[in-house]
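Chemist: Encoded as structure tokens, here's the structure I'll be asking about.
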Amino acid sequence: TSGGVYSISPFYNGSVLLTINSKTHLCRLSMGKNEVGELSFIGSGHHGHMLSLCVKSLARNSVSEPNRQTNQLAIVGDLMRSISLVEYLPKHEAIEEVARDYNANYMTSIEMLTDGIYLGSENFNNLFVLRYNSDATSEEARVRLDTIGEYHLGEMTNKLMGGSLIMPNNSSNGTSAMSSSSSSRVIRSKSDKAPFEQNRKVSIIIGSQTLYGTVDGSIGSVLGLNGSTFAFLSSMQRAMTSIIKPVGGIGHQYFRAFHADRCNRPSRGFVDGDLIETFLDLNRQTMEKIVDKMNTDGRWKIRDAGLGLSDPVDNHQTFMDTDVGIENDSQPVSNSSFLTVDDVLCAVEEISMLH
């Protein structure tokens, strides 16, 4: 190659994507003379980055669906210019940019959670989530990746990859929403309409599962949650931060806020799983105060659109889904339904077993 290879990712139809300096190339390994493997470049590749640090695709997950018609998409993380979404067009043997994040994030790692949801980490120790608006009516919206989640991790992440630290459960629900919990961090993407089970007030439903590694040597997990689970955990986080005094007087909202160069924004679209799991270590009296606060708040069973707002005067409408076709499904829970300490304990114990 005419430069350093920074990243390699499996792609569709037995090919691989390479990032070489500022370019993204598609390659295929074939048998040459004397049965020696040869790596051949397909097309001219994609140009237009400062330095193409990493590339990821979902091709590794599509082996079981050979007949599924899908766009051949991948994401490229630039050293200085955040994440771009590219598509390979087999007819023209060309890689074209479809959309990009126009924020100036200095990337350290990326992961493609779904065709339209992407997770990234940057050098100010933050995680963020982007969404591709493939169904947008305007071209301006389609070429822009929207930020739907921001979270300060506190450690520089240098690796993101799909996976889990526990054995897979074949009986688990296959709902395709997104979240995070791990040394647990919870994020939210697109909610679904799955209701709580009738015999339980709270059901924990996860979607994507992503592992991360940091330069400090720690390993954590980011789990995708459906809308109902995210609303419950967001309400619980608000209650805990309002009742439990933070260590050193540093507020949870301040610490988890998205801190970057000339940028400081509140965390949104994430729930801190480490904080949630400390509920198990509290005394019964404090647990009861938190649950009472959740019942008073009343938003633990309202679908949260992932904005992560926590102001007590926030309009409840802000926390409801706006996805097409489910507007009538987003109604506040009846006052006749109240959480108990045992309900919350059961949910948190279930979360603690997911990583």
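Every read-out reported here was derived from the displayed coordinates using simple, explicitly stated rules and does not represent laboratory data. A quick note: this is a predicted structure, and the numbers were derived from the prediction, not measured. Note: ideal-geometry Cβ built from the backbone for every residue, glycine included; neighbour counts use all protein chains shown.
Chemist: Which residues among the stretch 267-293 fall inside the zone where the amide N is under 20 Å from a point 7 Å beyond the Cα of Ile243, along Cα→Cβ?
Modeler: Within reach of a label on Ile243: 271-293.
Chemist: Next question. What spacing in nm lies between the two simple spin-label points modelled at Ser218 and Arg265, each 7 Å away from Cα in the Cβ direction?
Modeler: Output for this residue pair reads 2.3 nm.
Chemist: Could I ask something else about it? Can you list the residues of the stretch 98-129 with backbone N under 14 Å from a point 7 Å past the Cα of Lys159, pointing along Cα to Cβ?
Modeler: What the label zone holds, given the 14 Å backbone N cut-off, is 109-110.
Chemist: Could you tell me how far the Cα centroid of the stretch 203-251 sits from the Cα centroid of the stretch 131-169, in Å?
Modeler: Cα centroid to Cα centroid, the span is 16 Å.
Chemist: Also, I was wondering about something else. Name the long-range amide H neighbours of Asn105: under 5 Å, sequence gap of 5 or more, or other chain; modelled H, no Pro or chain starts.
Modeler: Those lying under 5 Å, H to H, from Asn105 are Ser82.
Chemist: With θ set to phi - 60° and the Karplus curve 6.51 cos²θ - 1.76 cosθ + 1.60, what are the ³J(HN,Hα) couplings of the stretch 39-50 in order, to the nearest whole Hz, using x for Gly and Pro?
Modeler: For the stretch 39-50, the Karplus-derived couplings read 9, 10, 7, 10, x, 9, x, 10, 10, x, 10, 6 Hz, x marking Gly and Pro.
Chemist: How would you order 118-131, 213-226 from highest to lowest mean count of nearby Cβ atoms within 10 Å? Intermediate results must be reported in sequence, preceding the final value.
Modeler: Details: 118-131: 23.6, 213-226: 19.9.
Result, highest mean Cβ count within 10 Å first: 118-131, 213-226.
Chemist: Can you list residues from other chains, or at least 5 along the same chain, whose modelled amide H is less than 5 Å from the amide H of Asn158?
Modeler: Residues meeting the criterion, in which the H sits 1.01 Å from N, are Gly213, Thr214, Val215.
Chemist: Kindly write out, for the stretch 338-348 in residue order, the coupling ³J(HN,Hα) from the Karplus curve 6.51 cos²θ - 1.76 cosθ + 1.60 (θ = phi - 60°), rounded to whole Hz, with x marking Gly and Pro.
Modeler: Coupling constants for the stretch 338-348: 10, 7, 10, 4, 5, 4, 5, 4, 4, 5, 5 Hz.
Chemist: Can you give the net charge of the other residues whose Cβ lies under 14 Å from the Cβ of Met156, counting K and R as +1 and D and E as -1?
Modeler: Working: positive: Lys159; negative: Glu122, Glu155, Asp216.
Its environment carries a net charge of -2.
Chemist: Run the numbers for Ser134 and Asn13: contour at 0.36 nm per residue of separation, minus the present Cα-Cα distance, in nm. Write out the running numbers ahead of the final one.
Modeler: Details: separation 121, 0.36 × 121 = 43.56 nm, distance 2.35 nm.
Full extension from Ser134 to Asn13 adds 41.2 nm.
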